[in-house]
Amino acid sequence: MAADKGADRVRRLAAHVAEHLKADLMLRLWDGSEVPLGPAPRGDVAVAIRDPAALTRLVRRPRLTTLIEAMAAGDVAIEGGTLLDLAERAEHGRRGLLKRLDKLALARGLLPFAFGAGKSQGSHAFSGPGDAAKYGEGRDDKALMHFHYDLSNAFYALFLCPEMVYTCAYYPTPEATLAEAQVAKLDHVCRKLRLQPGERFLDIGCGWGGLVCHAARNYGVKAHGVTLAEEQYAYAVEKVKRLGLQDRVTIELTDFRTLKAEPFDKVASVGMYEAVGLDNREGYFARIRELLRPRGAYLHHAIARPMKRDEKTFRKKRPEFEALTRYIFPGGELDHLGAEHDALERNGFEIHDVEALREHYARTCRAWTERLFANRDAAVQEVGAAKTDIWITYMAGCALAFERGTVGIFQTLATKRARGASGLPLTRADLYG
């Protein structure tokens, strides 16, 4: 199919879509032409199709992963903004769009692209060995963590706060900055655990050491952090030295399941459970119970999806999940809150408090997206254009998911069950006073 004829077909299809979408966007094609996707687009943000071969691949294999690879190759792009801008400018026409379109006209317009000249493209997905959904033989957790976390510390510094905290922030006021909200989150976790001077505190999946250092400096605990990510480990060890906390903070490059230590007074897992896998939840909570003294407190901070009508339906993998595990978090899965709490109770925990932080994470992901987009050139120097654009789209998608409520996030405070008093205050006054 001649390139000019192909562009003409796309222009006609785009004009049909624009009648119903009414978006403040432009469509830019490989021949330099532009099509408004609404009655009066400003033109500063556009969807660009830079190579007709991208349409050929999408028609032959209409999958989200195909689109992601096309974006990674630069054949499809969002110019002048991010997925957040697309969502905002097309929100009023997005709902029910497919029902309003002429399906026959779309099929006729796109069919010729199926016979076009496609081009080969490399994959940017995780290609490690083994079954990422199971613990034990065949699963290399270190490789899974390496794919996500060992991009480079400099890359993460482009969008994280100065404390390098890569989990949901806690906004004490709507006006708080990302940096202020992340420090507030570290303090919120410490206050919920009621950390006391001299207590032994374990942070599972300690990241770049933000929580263990904050806990040691401000609450006087002896903190130990474990991680499987080598670049995180190196950064955290250096940070401990820089802050002069060697006598109060230790960092270990190890799997928490094989950690050799006396039981801790308090344990936190902040944003690590998502990497465990649904079939491994029992062993996960059982191991945490082993690491705690009787009535020791555990803070469980994890993203969760809403429960469906039954477990089988809940476990059905959606395209977004497949893309997430292929390009961002290999081996990861999101549980639902009820299953987490069931597993906690089955494994000897008493649940005391649950707090929903969904809107806090929406703000966090939006801030990360904006910061990385603003620093795109520097990010490309660190990890390349393909990885940078995949990550900008990933974080923007996460922001939208939290804003729309398709995913949530919860902090659960529990203690290792024992007879008698829990050891916790009777009210939350100490948390918010």
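The values are calculated or read from the model by the stated rules, or taken from the named source; none is laboratory data. All figures in this text were calculated on a predicted structure; none of them were measured in a lab. Positions of Cβ are generated from backbone atoms using ideal geometry, with glycine treated the same way; all protein chains shown enter the neighbour counts. Ligands, DNA and RNA are excluded from the accessible area calculation, which covers all protein heavy atoms including side chains. Shrake-Rupley method; radii C 1.70, N 1.55, O 1.52, S 1.80 Å.
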## Note on the structure
Farthest towards the positive end of the dipole of the chain, among 272, 256, 20 and with Cβ unit charges of +1 on Lys and Arg and -1 on Asp and Glu, lies the Cα of 20
### Query
Working out 0.36 nm times the residue gap between residue 253 and residue 418, then minus their Cα-Cα distance, what length gain in nm do you get to one decimal?
56.2 nm
### Task
Using only Cα atoms, tell me the angle between helix 3-21 and the longest principal axis of the chain; keep it within 0 to 90° and round to the nearest 10.
60 degrees
#### Entry: Length released on extending from residue 406 to residue 44, taking residue separation times 0.36 nm less the Cα-Cα span
127.4 nm
### Message
Show me, for the range 252-262, the HN-Hα J-couplings you get by feeding each phi into the Karplus relation (A = 6.51, B = -1.76, C = 1.60, θ = phi - 60°), rounded to Hz, glycine and proline as x.
### Response
10, 8, 7, 7, 4, 5, 9, 5, 9, 6, 5
### Volume per residue of the C-alpha convex hull in the chain, rounded to whole Å³
157 Å³
### Task
Among the trypsin sites (Lys or Arg not before Pro) in the range 289-357, which ones are in a DSSP loop with at most 13 other Cβ atoms within 10 Å of the Cβ? Mind listing them?
308, 309, 315, 316, 317
## Note on the structure
Here, trypsin sites (Lys or Arg not before Pro) of the range 380-433 satisfying both criteria (DSSP loop; at most 12 other Cβ within 10 Å) are 419
### Sequence of 432, 219, 156 when ordered by accessible area, the most exposed leading, probe 1.4 angstrom
432, 219, 156
### Task
At 1.4 Å probe size, with every protein chain present, just tell me what the per residue accessible area of the chain comes to in Å².
46 Å²
#### Entry: In degrees, nearest ten, helix 230-242 long axis to first principal axis of the chain (Cα)
50 degrees
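Could you check how much of the accessible area of the range 58-97 is carbon and sulfur, as a whole percent, using a 1.4 Å probe?
Working: 1060 of 1950 Å².
Summing carbon and sulfur atoms, their accessible area is 54 percent of the total for the range 58-97.
Work through the residues other than residue 76 whose Cβ is under 11 Å from its Cβ and net out their charges, Lys, Arg +1 and Asp, Glu -1.
Overall, the nearby charge balance is -2.
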### Message
Using amide H atoms built in the peptide plane, which far-off residues or other-chain residues are under 5 Å from residue 276 H to H?
### Response
333
### Query
Any idea what angle helix 385-404 forms with the longest principal axis of the chain, computed on alpha-carbon atoms, 0 to 90 degrees, nearest 10?
70 degrees
